[in-house]
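Right, one structure below, let's go through it.
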Amino acid sequence: MRLVIADDAVLLREGLVRLLTEHGHQVVAAVGDGDALVEAVVEHQPDVSIVDVRMPPTHTDEGLRAAVEARRRVPRTPILVLSQYVEVSYADDLLATVKPVGGVGSGGGIGYLLKDRVAAIDEFLDALNRVAAGGTVLDPEVVGQLLVRRRRDDPLRELTPREREVLGLMAEGRSNTAIARAMVVSDGAVEKHVRNIFTKLQLPPDEEQHRRVLAVLTYLRG
């Protein structure tokens, strides 16, 4: 794959360059700030951009905002964001850039991982491949943090524990087949759970809406 890396920490940036090059990928640009990221994405249109959330000048959310701008400028560009901490709102903002399949600006994977996940090389590379293929990948730690944000008016209250488990795995970016393997059930059982989730969250079929992403957004906001 052709990759862009954006991280102001030189050691991490160069470490990623070496890791990915050793695994057969081409790093077409390695930059240290958000503006340079946007320019690199526009110029190279990479298969995936790996982006740190916090970059100069304020080290708050410049990387995230640059990633959203890159998606605006090159709508289908896949983005894998790395963060030092769990910031559920950042994942929410990224998911909001996903368009329905077939719509204007549709496609293009999105991922949000903690930086610690890079040390698990196989998991990191798998996430990178899933984002490049158009998937949505959320760090399990992000999904876990959602459990403490439930309110009494929880829109997910109608879901059964099994349906919540399916939705949690969906939020991690897993396909129905992968969910079936994780839960040790049939693909058909997962498909039934997914249909029930869409029904209970009032997400009818709609060519203008990406129901899987909307279900995950509901999960994040619940």
Ala6 vs. criteria at pLDDT 95 or above and over 20 Å from the mean Cα position of the chain (by Cα):
no
Tally, over the stretch 1-45, of residues that are touching a strand residue (DSSP E or B) at 6+ places or on another chain (Cβ under 9 Å), part of a loop (DSSP other than H, G, I, E, B) and free of Cβ contacts under 8 Å to residues at least 40 places away in the same chain
4
Yes or no: the stretch 40-49 includes at least one residue that is on the phi < 0 side of the Ramachandran plot and at pLDDT below 90.
no
Condition met for Leu169 (among the aliphatic types (A, V, I, L, M), in contact with a Lys or Arg (Cβ under 9 Å, 6 or more places away or on another chain) and open to solvent by less than 60 Å² (accessible area, probe 1.4 Å)):
no
Considering residues of the stretch 61-91 that are within 20 Å of Glu141 (Cα to Cα) and surrounded by fewer than 15 Cβ atoms within 10 Å (Cβ to Cβ) only, the residue modelled with the highest pLDDT
Gln84
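The values are calculated or read from the model by the stated rules, or taken from the named source; none is laboratory data. From a predicted model like this one, the values you see are computed outputs, not experimental measurements. No Cβ is skipped: glycine too gets one built from the backbone with ideal geometry, and neighbour counts run over all protein chains shown. Accessible surface areas use protein heavy atoms only, side chains included; no ligands, DNA or RNA. Shrake-Rupley method; radii C 1.70, N 1.55, O 1.52, S 1.80 Å.
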